[in-house]
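See structure below.
The values are calculated or read from the model by the stated rules, or taken from the named source; none is laboratory data. As the structure is a prediction and not an experimental result, all values here were calculated from the model. All Cβ positions, even for glycine, are placed from backbone atoms using ideal geometry, and neighbour counts span all protein chains on display.
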Amino acid sequence: MFLKSIAVLALTAVIAPAAAQADQPAFACHIGAYRLSDGAEVVISASGEDALRYRFLDGRSGRLFPAVDGSFESGPGWSSRSPVQVRIRFGDCNAGAIRLNGREGRRIVQSVTPIRFHNGAEALYGELHLPEDRKPKAIVVLQYGSGRDSAVANNFVQYLLPLKDIGVFVFDKRGTGRSTGVYTADFKVLASDMNAALAAVRAQRAATGTPIGLMGESQGGWVAPLAAELSAVDFVVVSYGLAISAAEEDRQEMLQVLATKGFDPDAIAKAEILQKATTRVIDSHFAQSRLDEMEQLKALYGNEPWFKAGLGGDYTGPLTATPADQLGSFREAFSFAIDLNYDPEPTLRAIGATPSLWVLAGLDTEAPSATSLEILRRLQDQGARIDIAVFPNADHGIIEVADLKTGDLAGTHAPGYFDLLGDWIVKRRLDQSFGEAVNYPRTSPP
């Protein structure tokens, strides 16, 4: 959840610091929303530095690889190239033209306002995207996930939600993109930045008389409720986030992997001892005494089948699989602040009067959702104005799983996900079905 795994994030930080990354990926001029000749709307966004991605409003999606003839091609599934099923050709950068499998289309001209705002000494950069030629029915301030890449350049929600008459303010977290400062995963610092973003949006003319809320994706699900506690908002949306701590997330990911591999309770109990030790390593910023403790446990359990099979978790798996003399890159990369033991429940209780939507993935391998669902349901029973929708066959990102045995992803977000976001943000109540989502509407008065 911290990037696909927190270890991948750590190694990326060593190899390619945020300051060295380009503000815009290749083919950036083609990013945006388009309307095809048959009325279908499609969003084009970045997919790494060398590819694009298309998304239709019904959830269909695919990675677009550049072809030698200047077009882009995409195959079945979430990220395959062949056999080619979708071919897209764009016009010149200024033309705003698209041709998708023979259907012509034009770029949808959304209003985009660059906004630079400050939080203390840091200057943060964001962009306010508004619907085409009409006042938004609501505006969301969007908190990106855990990556060090630019949210402005790489997210897609700022192009998609305006198609549903919802404005979106997307901004680069401190230490990423065009924002100053040092990258951090300190949720309270990020919430303070998000609160400053909220103030900047409220100062815009388009915000006058418009409901404004906060939306957090993945790691942003810890941040958005904290920001709502700092300043009252009209609503909060959390997509594929967690109501448990980051350390508990790592533990549950590890247990999920062990259970899948069929290990018994004795093996699981030993693995939990090791997971607590890896958490202390991260918490201590790799203090030698904590490293020694972890290495002693690795030596103790190293020949056991469950250890040899490999452990899951954002950091437990990679740390236990890396030899002691190769941990230098981890130590360097984990220099950023993070509170692994932050418990979100008190904050969720504090903002219980604020209408909130939680969208969970039933098969989430990066942020196991079962315990979060239990916590949210308990808060509902206690009067919190929380609506919950669980897409049972979706993995992280609310991406549909094509094969339950292999975990291979389908070439679509869960059908109904985008419609759910658009409907709930405008109405702020969960009163209809969306695809296969299992709804848990709030029991408190609307």
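For the range 46-63, a residue qualifies if it is more than 22 Å from A437 (Cα to Cα) and in contact with a His (Cβ under 9 Å, 6 or more places away or on another chain), and exactly one does: L52.
Comparison of S239, S231, S218 shows that the only residue that is in contact with a Phe, Trp or Tyr (Cβ under 6 Å, 6 or more places away or on another chain) and among the polar types (S, T, N, Q) is S218. Taking every residue in the range 324-345 that is in contact (Cβ under 8 Å) with a residue 12 or more places away in the chain and more than 10 Å from I282 (Cα to Cα) and pairing it with any residue that is small (G, A, S) and outside any helix (DSSP H, G or I), at least 6 positions away or on another chain, the pairs with Cβ-Cβ distances below 6 Å are F336/A185; N341/S245; Y342/S245; D343/S245; P344/A243. A single entry from A277, A269 fulfils the requirement of being under 21 Å from F334 (Cβ atoms) and among the small types (G, A, S): A277. Test G105 against the stated conditions and say whether it is of a type in the set (G, A, S), closer than 22 Å to V426 by Cα and either in contact (Cβ under 8 Å) with a residue 60 or more places away in the chain or surrounded by 18 or more Cβ atoms within 10 Å (Cβ to Cβ) (or both). Taking the combined requirement at face value, the residue does not satisfy it.
If we keep just the residues of the range 60-111 that are of a type in the set (V, I, T) and under 14 Å from G32 (Cβ atoms), which is modelled with the lowest pLDDT?
Restricting attention to the range 60-111, the residues satisfying the condition of being of a type in the set (V, I, T) are 68, 84, 86, 88, 98, 108-109.
From what is left, the residues that are under 14 Å from G32 (Cβ atoms) are 88, 98, 108-109.
Details: I88: 98, I98: 97, I108: 96, V109: 91.
The selected residue is V109.
None of A367, A410, A353, A389 is assigned to a loop (DSSP other than H, G, I, E, B) and surrounded by 19 or more Cβ atoms within 10 Å (Cβ to Cβ) except A367.
One residue stands out among those in the range 322-337 that are surrounded by 14 or more Cβ atoms within 10 Å (Cβ to Cβ) and among the aliphatic types (A, V, I, L, M): the one that is farthest from the chain's Cα centre (by Cα), which is L327. Look at the range 296-314: where a residue is under 13 Å from K276 (Cβ atoms) and a partner is among the β-branched types (V, I, T) and surrounded by fewer than 18 Cβ atoms within 10 Å (Cβ to Cβ), sitting 6+ places away or on another chain with Cβ atoms under 7 Å, you get L297/I273.
Select from the range 393-446 the residues that are of a type in the set (S, T, N, Q) and out of contact with any Leu (no Cβ under 8 Å at 6 or more places or on another chain) and list them in ascending order. Listed by number, the residues that qualify are T406, T412, Q432, S433, T443, S444. Going through (1) under 23 Å from W222 (Cβ atoms); (2) touching a Leu at 6+ places or on another chain (Cβ under 8 Å); (3) touching a residue at least 60 places away in the same chain (Cβ under 8 Å); (4) of a type outside the set (K, R) one by one, A151 falls short only on (3).
Looking only at residues of the range 168-202 that are in a loop (DSSP other than H, G, I, E, B) and out of contact with any Ser or Thr (no Cβ under 8 Å at 6 or more places or on another chain), we find that the one that is nearest to N154 (Cα to Cα) is S179.
Picking from residues in the range 325-365 that are acidic (D, E) and closer than 30 Å to E295 by Cβ, the one that is modelled with the highest pLDDT is D343. Quick one: which residue in T210, T180 is of a type in the set (S, T, N, Q) and farther than 24 Å from D423 by Cβ? Answer to the selection: T180. Per the listing L319, L340, the residue uniquely buried (at least 20 other Cβ atoms within 10 Å of the Cβ), in contact with a Ser or Thr (Cβ under 7 Å, 6 or more places away or on another chain) and either of a type outside the set (F, W, Y) or outside any loop (DSSP other than H, G, I, E, B) (or both) is L319. Given the criteria farther than 22 Å from G221 by Cα and either at pLDDT 95 or above or hydroxyl-bearing (S, T, Y) (or both), does Y301 qualify? Answer is yes for this residue. Within the range 280-313, the residues that satisfy the criterion of being within 18 Å of F334 (Cβ to Cβ) and either in contact with a strand residue (DSSP E or B) (Cβ under 6 Å, 6 or more places away or on another chain) or polar (S, T, N, Q) (or both) are S284, Q288, S289. Checked against (1) among the charged types (D, E, K, R); (2) in a loop (DSSP other than H, G, I, E, B); (3) closer than 15 Å to L198 by Cα, E127 passes all but condition (2).
Any idea how many residues of the range 9-38 are modelled with pLDDT of 50 or more and within 22 Å of C93 (Cα to Cα)? Spell out how you get there, then give the answer.
First, pick out the residues of the range 9-38 that are modelled with pLDDT of 50 or more: 23-38.
If we keep only those that are within 22 Å of C93 (Cα to Cα) too, we end up with 23-37.
Residues in the range 9-38 being modelled with pLDDT of 50 or more and within 22 Å of C93 (Cα to Cα): 15 in total.
The residues of the range 345-390 that are among the acidic types (D, E) and under 23 Å from G313 (Cβ atoms), listed by number, are E345, D364, E366, E374. Taking the range 100-115 as the range and being assigned to a strand (DSSP E or B) and of a type in the set (A, V, I, L, M) as the test, the residues that pass are L100, V112, I115.
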